[in-house]
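The values are calculated or read from the model by the stated rules, or taken from the named source; none is laboratory data. Here the structure is a predicted model, which means the values were calculated and not measured. Glycine gets a Cβ as well: all are built from the backbone with ideal geometry, and neighbour counts include every protein chain shown.
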Amino acid sequence: MRTLQKFVSILACIIAAAAIATPVHSQEPIAIASRFVEVNGTRLHYLIAGKGDPVLLLHGYAQTSHMWRPLIAELAKTHTVIAPDLRGFGECAKPEGGYDKKTMAQDIQALAAALGHKRVGIVGHDIGLMVAYAYAAQYPAEVDRIALMDAFLPGVGDWTSVWLLRDLWHFHFYGKTRSRSSRIVSASTSSISGTISRQIPPDPCPSRTASSTRQPMRSRAPCGRFRGIPRL
């Protein structure tokens, strides 16, 4: 019995000593690169990190690719993560048109193709959900899986009941005259973004969210997005 106790004590000491002697390697932070590409007749900005099966992250209204940074750090451990700024937002070019979801999805597919990815997973948040759906609808053979979050999908279910909610007044804030609606949004950025920010998750870099709609060229994008919702 004493021999067994002595053996157990020695073994415990060896294990404890090994645990103390084993160095603890802190995990290197995930490097997130910021890049640009010319595709589909426009210039897109995107974040990219990691290695593995590719996954695309599409942001929502009044946000940019930076909203995904906390998630990119996790997903990039096992995936190639690509988070673009959608046409007209963030650091992308601000063209006159192309804000229907079909065209915006073509932008993202062209980005994936330019990076050499023939099949991707795709995640869409808010209006990014509509772009993700348009991507899958146009390129079903190129989508491995899809996740749609936090918004309605035009044409599916009782979507108009949500679209016409009073609290979602900004979905209809584009007017008949495009230049006029853009000027109004630009002149009222602080009050409009303040109202909307209470309805959406916080951006890790809120100053980027505010600046993305402050200029007339940039305010054209959200107006164009909402104008195209019924057509997807």
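What the table below lists for this structure:
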item: Selection from the stretch 55-72 of residues that are small (Gly, Ala, Ser) and either within 18 Å of LEU148 (Cβ to Cβ) or at pLDDT 95 or above (or both); result: GLY60, SER65
item: Subset of the stretch 120-130 that is of a type in the set (A, V, I, L, M) and modelled with pLDDT of 95 or more - its residue that is surrounded by the most Cβ atoms within 10 Å (Cβ to Cβ); result: ILE122
item: Subset of the stretch 131-187 that is at pLDDT 70 or above and among the basic types (Lys, Arg) - its residue that is surrounded by the fewest Cβ atoms within 10 Å (Cβ to Cβ); result: ARG166
item: Residue in the stretch 110-118 that is farther than 21 Å from ALA147 by Cβ, among the aliphatic types (A, V, I, L, M) and at pLDDT below 95 present; result: no
item: Candidate set: the stretch 25-54, residues that are of a type in the set (Gly, Ala, Ser) and farther than 20 Å from ARG87 by Cα; chosen: the one modelled with the lowest pLDDT; result: SER26
item: Selected residue (criterion: nearest to ALA114 (Cα to Cα)) from residues of the stretch 64-79 that are surrounded by fewer than 19 Cβ atoms within 10 Å (Cβ to Cβ) and over 10 Å from the mean Cα position of the chain (by Cα); result: HIS79
item: Any strands (runs of 3 or more DSSP E) falling wholly within the stretch 38-143 and containing at least 1 residues that are touching a residue at least 60 places away in the same chain (Cβ under 8 Å) and under 19 Å from GLY155 (Cβ atoms); result: 53-58, 120-125
